[in-house]
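Since the structure comes first, as structure tokens, the remarks are kept for the end.
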């Protein structure tokens, strides 16, 4: 396996202890290469802070960094910080200082940096230099995270990934629609027989391939560090605040024999927090439950996957977010802000999908009155808000445990058939709404579905 050339050079410099001056100059060259490799425009010994001399200036991403790189036996001191701040005071406004010290920093130096934000200085130690050279940490995202931590929270973090301070969950609007059982009783979610199929029903799936150009969309997969349900609530709140999640998102929580389906981030949080109530009569309980959440945004949709302990600690074992986009955006700032929010400091890639995002299966099935289990209702904004309209219907699934649609030679897609035969209910979107109280006969029309790295989304369309 080939080694990153920067890491090879860093290790060579470590062995060059006989000539500290040569090692210091070599380290400056290494830092320059690291910044240029991160797509910064870099100049050595610039005149920005004249008459003072500065090692490097790096420009990129709307930022200007004044950089000092030191490799000495002793740690960088408060004098080194003051020296860099003096250079910054001679530079144009808005310049951010970067002090890199392979030997680390004294406590007074760290305290000084955390106590003044008028001339912000970012500290990078040897552990972080090695992570950048090894390619395990993105230099750009590392600088973004350090600057946010310093300017917003007065925090200086060294030698480890920065954990963004997580405030209480932002306000999450109640679900735009709510669920009524067929007897008229409002419930926060519905339960049915099911297993671990890693799917959720969807109110809508924005097709990222539906653009005036050839080709298919792209996927961006984001691993999330969430420890418990409080952090899950925080994450859903941040997704809502940043415009990635809405009150119309659908979700499914899956246990070994039972699935729970609901609408909106707020009800998902409530469901995850009330596992004892949900588990009564739920049959076999596995040691962990799986959750898939789906929502749409302007030019695509997202799926979020969670694996949570079934016992009272409710520890989050795994969390990930997957965005399906119409292409690589020209303005990547929304994605960068999403990464900054969730403390993601590794390089990420937009990966082209290998084929069409959405697939469709024709259904054409008439239902009976007894098949109606409930309704998804909401007010019509164009009408009297006090009148409720049926926007979706919850039906007994005619394909539940129907092995024939999974037989070899069946016209059904095997992935869709495998999911539909394992869920007792269908949460269907209605092509035409009708007032609550009407009792039409419903017909299943089609099912659109999309598979993502974090689960499958099914959009079942019905009409009357």
On a full-extension model of 0.36 nm per residue, what is the gain between residue 387 and residue 312, subtracting their alpha-carbon distance, rounded to one decimal in nm?
22.9 nm
Just check region 6-147 against the gyration tensor rule for me: Cα atoms, a ≥ b ≥ c as the square roots of the eigenvalues, rounded for a/c under 1.5, and otherwise prolate or oblate depending on whether a/b exceeds b/c.
rounded
In what order do 451, 182, 266 fall by count of nearby beta-carbon atoms within 10 Å, going from fewest to most?
182, 451, 266
Region 182-217 residues near the modelled residue 414 label - backbone nitrogen below 17 Å, point 7 Å along Cα→Cβ
none
Note: residue 39 to residue 74 extended length (0.36 nm per residue) minus current alpha-carbon separation gives 9.5 nm
Equivalent ellipsoid semi-axes - Cα gyration tensor, region 370-464, angstrom
29, 15, 10
For region 178-463, what does the alpha-carbon gyration tensor say about shape, rounded, prolate or oblate, given a ≥ b ≥ c as the root eigenvalues, a/c under 1.5 as rounded, and a/b over b/c as prolate?
rounded
Tell me whether region 103-143 comes out rounded, prolate or oblate; compute the Cα gyration tensor, take square roots of the eigenvalues as a ≥ b ≥ c, and use a/c under 1.5 as the rounded threshold.
oblate
At 222 nm, what value in deg cm²/dmol follows for the chain if DSSP H runs of at least 4 each add -39500 (n - 2.57) and the sum is divided by all its residues, to the nearest 500?
-7500 deg cm²/dmol
Could you check the spin-label model distance between residue 274 and residue 443? Points 7 Å from the Cα along Cα→Cβ, value in nm.
3.8 nm
Pseudo-spin-label distance residue 63 to residue 350, built 7 Å along Cα→Cβ, given in nm, is 2.2 nm
Give the relative contact order (percent, whole number) for the chain; include only Cα pairs under 8 Å separated by 6+ residues.
14 percent
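Coordinate-derived values only; no laboratory data. Treat the numbers as computed from the prediction; the structure is a model and nothing was measured. Cβ atoms come from the backbone with ideal geometry, glycine included; neighbour counts cover every protein chain shown.
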